[in-house]
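Student: Below are the structure tokens for one structure; questions will follow.
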Amino acid sequence: SKLAALFEHPLYNIPLPEVKDKDKLFVINPMEKFSLQSSGSDEWVSSSKAETVLPTGKTAYDTYPTWLKFHVGINRYELYPRRDPLMPTLLQDLATMKIVSSVQKPGGTQLKLIMTFPNYGQALFKPMKQSRDQETPADFFYFSDFERHNAEIAAFHLDRILDFRRIPPVSGRLVNITKEIRDITTDKKLAKTFFISPAGNVCFYGECSYYCSTEHALCGKPDQLEGSMATLLPDKALAKRRSWRSPWRRSYHKSKKAEWELDPNYCAQVRRTPPYDSGHRLLDLIDMAVLDFLMGNMDRHHYETFEKFGNDTFLLHLDNGRGFGTHSRDEMSILAPLQQCCSIKKSTYLRLQLLATEPYRLSELLREALAADPLTPVLAEPHLRALDRRLGKVLAAVGRCLAT
């Protein structure tokens, strides 16, 4: 396994700073029992009155469901550890656990569902909208592109291979529209949008601001539908998140350009602006630009952090569905933060160099990681080949900065 060899490499074993209680998202008493019912929320609450008799020799933590252990493990430095023993179980749960409730997630331009499991874990389901080999048409603006379920799956594995570990775990899943959505939904608005197509397939379209109409309906074969299942982060009531507007946000206008596209010295201005004027926030943003360039994602207008950790923490790389839309074109403007600031973390640069060598070729590592997903092949081959080409362009951009 090339992937196992990669994770054994010294560059993937750089120790983290010591994680103290103040660096943990949740500080728990290992003997504290938790009740999984709470009023109005599907999240967990502490319950000192829980009448649970624990098996001999087990702490309360041992009895937590995997998703709760994942939440409890989040800290200032990482969303999950490099060698996370929970990961195989968590991905397996997303792919196979019984779905007891499906409701539409409010907001957003496209249809997404929140699925709940019997152990109160939840996942965000993004349904398949186009086939693997369809490329985004050249005349499409990035903001009118479809969100792709397979891009969400591939982004999680790519983020892990780059050792960022800032995307919550995602698995592919084949869902039965009739039994796992229509028959169990309590969402009246969603329920009204189901119909049988002329071809005899079960379809639905939900309610949203862009692609929710009969013309954009999601149809099964006859009721089987592919989608991505992403682990939900802790409820915002328990772990507040802050949303930040990206300084390199696009204009989201058909003809206007953003300031960074017009000013070659734009980075100097960013470096003077908090929180980019100290700490590693700017370097984290450049990490995110590298990830986005590799997958061709132009739709990164905001990013989030956990409020508890202030400015000294990682960025969450959420919403990656507009990646992997084109393999024949490389959108160099995504790399603007790297090119304009001429800065990159040394650790990121060394890992990118490693992923360009024969034993650790990026495309082969991602192909191996995706082979274990229930929906394999997740990406069409040209997308995997494009990764190696784009990695070469990132290294060339760093090379030009070093020369300058």
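Student: Tell me the Rg and the Dmax, in Å, that the Cα atoms of the range 241-403 produce.
Tutor: When restricted to Cα atoms, the range 241-403 yields Rg and Dmax of 16.3, 46 Å.
Student: Now, a different point. What is the magnitude of the charge dipole of the range 290-386 about its Cα centre, with +1 placed on the Cβ of each Lys and Arg, -1 on the Cβ of each Asp and Glu, and no other charges, expressed in debye to the nearest 20?
Tutor: The calculated dipole for the range 290-386 is roughly 260 debye.
Student: Between the range 193-216 and the range 226-263, what is the separation of their alpha carbon centroids in Å?
Tutor: 27
Student: Related question: Only one of the listed values, [x] 25.2, 84; [y] 23.3, 78; [z] 21.6, 67, was derived from the coordinates as Rg and Dmax of the Cα atoms in Å; which label is it?
Tutor: Here the calculated entry is [z].
Student: Of the options P169, S363, L262, report the single residue whose Cα projects farthest towards the positive end of the charge dipole of the chain (beta-carbon charges: Lys, Arg +1; Asp, Glu -1).
Tutor: Going by the Cα projections, it comes out as L262.
Student: For the chain, what is the mean residue ellipticity at 222 nm derived from helices alone (per DSSP H run of n ≥ 4: -39500 (n - 2.57); sum divided by total residues; nearest 500 deg cm²/dmol)?
Tutor: -8000 deg cm²/dmol
Student: Something else: Select from M97, N75, M229 the residue farthest towards the positive end of the dipole of the chain; place +1 on Cβ of Lys and Arg, -1 on Cβ of Asp and Glu, and compute about the Cα centre.
Tutor: N75
Student: Could I ask something else about it? Once the dipole of the chain is set up with Lys and Arg at +1 and Asp and Glu at -1 on Cβ about the Cα centre, which of G296, N119, T186 lies farthest towards its positive end?
Tutor: Comparing the listed Cα positions along the dipole, G296 ranks first.
Student: Moving to a separate point now. Once phi is turned into ³J(HN,Hα) by the Karplus curve 6.51 cos²θ - 1.76 cosθ + 1.60 with θ = phi - 60°, what whole-Hz value does each residue of the range 116-122 show in order, with x for glycine and proline?
Tutor: 3J(HN,Hα) across the range 116-122, in whole Hz: 10, 9, x, 8, 6, x, 9.
Student: In a solvent-free Debye calculation with one equal scatterer on each Cα, what is log10 I(q)/I(0) for the range 168-255 at q = 0.15, 0.18 Å⁻¹, listed in the order of the q values?
Tutor: -0.81, -0.97
Student: On to the next question. If you roll a 1.4 angstrom probe over the protein chains with everything in place, what fraction of the accessible area of the chain belongs to carbon and sulfur, to the nearest %?
Tutor: Heavy-atom surface of the chain belonging to carbon and sulfur, 1.4 Å probe: 54 percent.
Student: Quick one: putting +1 on the C-beta of Lys and Arg, -1 on the C-beta of Asp and Glu, what dipole do you get for the range 241-403 around its Cα centre, in Debye to the nearest 20?
Tutor: Here the size comes out at about 440 debye.
Student: OK, next. Gain in length, R241 to R385, computed as 0.36 nm per residue apart minus the alpha-carbon separation, to one decimal in nm?
Tutor: Extending this stretch completely gives an extra 48.3 nm.
Student: Once you charge only the Cβ atoms, +1 for Lys and Arg and -1 for Asp and Glu, what is the size of the charge dipole of the chain about its Cα centre, to the nearest 20 debye?
Tutor: It comes to approximately 560 debye.
Student: Next question, about the same structure. Under a 1.4 Å probe, what is the accessible area of the chain per residue, stated in Å²?
Tutor: 46
The values are calculated or read from the model by the stated rules, or taken from the named source; none is laboratory data. None of the values given here were measured: they were computed from a predicted structure. Cβ sites come from the backbone with ideal geometry, for glycine too, and all protein chains shown count toward neighbours. Only protein heavy atoms, including side chains, enter the accessible area calculation; ligands, DNA and RNA are left aside. Shrake-Rupley method; radii C 1.70, N 1.55, O 1.52, S 1.80 Å.
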